[in-house]
1. Listed here are the pairs LYS92/LYS210; LYS92/LYS186; LYS115/LYS210; LYS186/LYS210; LYS104/LYS205; which of them are more than 28 Å apart at the Cα?
2. Restricting things to alpha carbons, tell me how big segment 73-144 is in terms of Rg and Dmax, in Å.
3. Roughly how big is segment 18-257's charge dipole about its Cα centre, with Cβ charges of +1 (Lys, Arg) and -1 (Asp, Glu), in debye to the nearest 20?
4. Treating the angle as unsigned and between 0 and 90°, give the value, to the nearest 10°, between the Cα long axis of helix 364-385 and the longest Cα principal axis of the chain.
5. With a sphere of radius 11 Å drawn around the Cβ of THR267, what net charge do the other residues whose Cβ falls strictly inside it have (Lys, Arg +1; Asp, Glu -1)?
6. Report the GluC sites (Glu not before Pro) located in segment 267-360 that are in a DSSP loop and have at most 13 other Cβ atoms inside 10 Å of their Cβ, or state none.
7. Return the single residue from ASN154, ASN126, ASN290 with maximal mean-square fluctuation; model: Gaussian network over the chain, springs between Cα atoms under 10 Å.
8. Limiting things to C-alpha atoms, what are the Rg and the maximum Cα-Cα separation (Dmax) for the chain, in angstroms?
Amino acid sequence: MQQPPVYLDYNATTPCDPRVVETMLPFFTRHFGNAASRNHAYGWAAEEAVDHARQQVATLIGAETQEVIFTSGATEAVNLGIKGLFEAYAGKGNHIITAETEHKAVLDTVSHLEKQGASVTRLKVNAAGLVDPAELEAAITEQTVLVAIMYANNETGVIQPMAEISRIARERDVILFTDGTQAVGKIPLNVRQEGIGMMAFSAHKLYGPKGVGALYVRRRGPRVKIIAQMDGGGHERGMRSGTLNVPGIAGFGKACELAGAEMAAATGRLSAMRDRLETTILAREHATVNGLGAPRLPHVTNIAFYGIQGDALLRAISRQIAVSSGSACTSANPEPSHVLRAMGLEEELAHSSLRFAVGRFTTDAEIDFAISAVENTIREFNEILK
């Protein structure tokens, strides 16, 4: 049987940590109750598990437990947060500010609201993928109700200047929403200290299960209001109706607990592997790193290979290592990455860029193998071109 390729696509998704799976299993069989069934022990056990997980999630991000709303994932959380706030603050204004490099979940949501009467400003980024805080401040008007800037980019790992963005939003009395999907559990983050009004994130990016995520909504200093986008039962304090995914939520909580406890050690190990992969490839190949020079997540590198047709490179290399040419959510789109194009890359170079993301279960031997696989694949391409 052929060995599966080495997995270096941890930004697309992560395997469930066995400790997370162990936490989830009883809630499929023994403790299978509905958390909304408050008249018997089965429901009480499920509700207790949800409450415990909510505390674990809140602790990781520096929130209060009541500020965490469980959803089916980050995309639903993005929709609930942005659409819900736009409706709630319709009396104040209709202007939303975001960035060209946001995930499609945000870009498509604000485009939908644009058809409903929203005025949207999409900020440009520099060559490193960073927004200019001065341009953000200049874009704010009396009608601005929301600034939506992602914490860390899913394709490049570039971390936005959130402290400065948050300061501007607070001073101008505008709510800050951030897509924290790639940042939560990877780097220290505290929504309260950083002045974040809302944040969406997901379990499957931090070694938890797919199909569960959360929206943080600030309750104090000042409180952020949203209007529910789903009717039918008033679950999650009326903010998200639907029977709770108790096994998934229990796993989400455990994943957050593990991420918080192991983050410091993981950062050093992952950044060392990422840096070795990156520097070795750059030394041997005609390539460059997209976002180099900006603050980046410790486990991600996005490398552009000069003179190589990107689709062919990805197809050839995917037999040996699992990597990505962009967001997993847009992998069916033949167009070059909108993130890289916004950073100023020419279409050909954007097409020739690959994202490598190491993770908890990546080994040094796999990094060695990946380096060799890249080197051998490019050598074969060069020989064909001669």
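Since every read-out is calculated from the coordinates, none of them should be taken as a lab result. Small disclaimer: the values here were computed from a predicted structure and weren't measured. Neighbour counts run over all protein chains shown; Cβ positions are idealised from the backbone, glycine included.
1. LYS92/LYS210; LYS92/LYS186; LYS115/LYS210
2. 12.5, 37
3. In total the dipole reaches around 460 debye.
4. Roughly 50 degrees between the two axes.
5. Once positives and negatives cancel, what remains is +2.
6. GLU346
7. Checking each option, the largest mean-square fluctuation is seen for ASN126.
8. 21.4, 75
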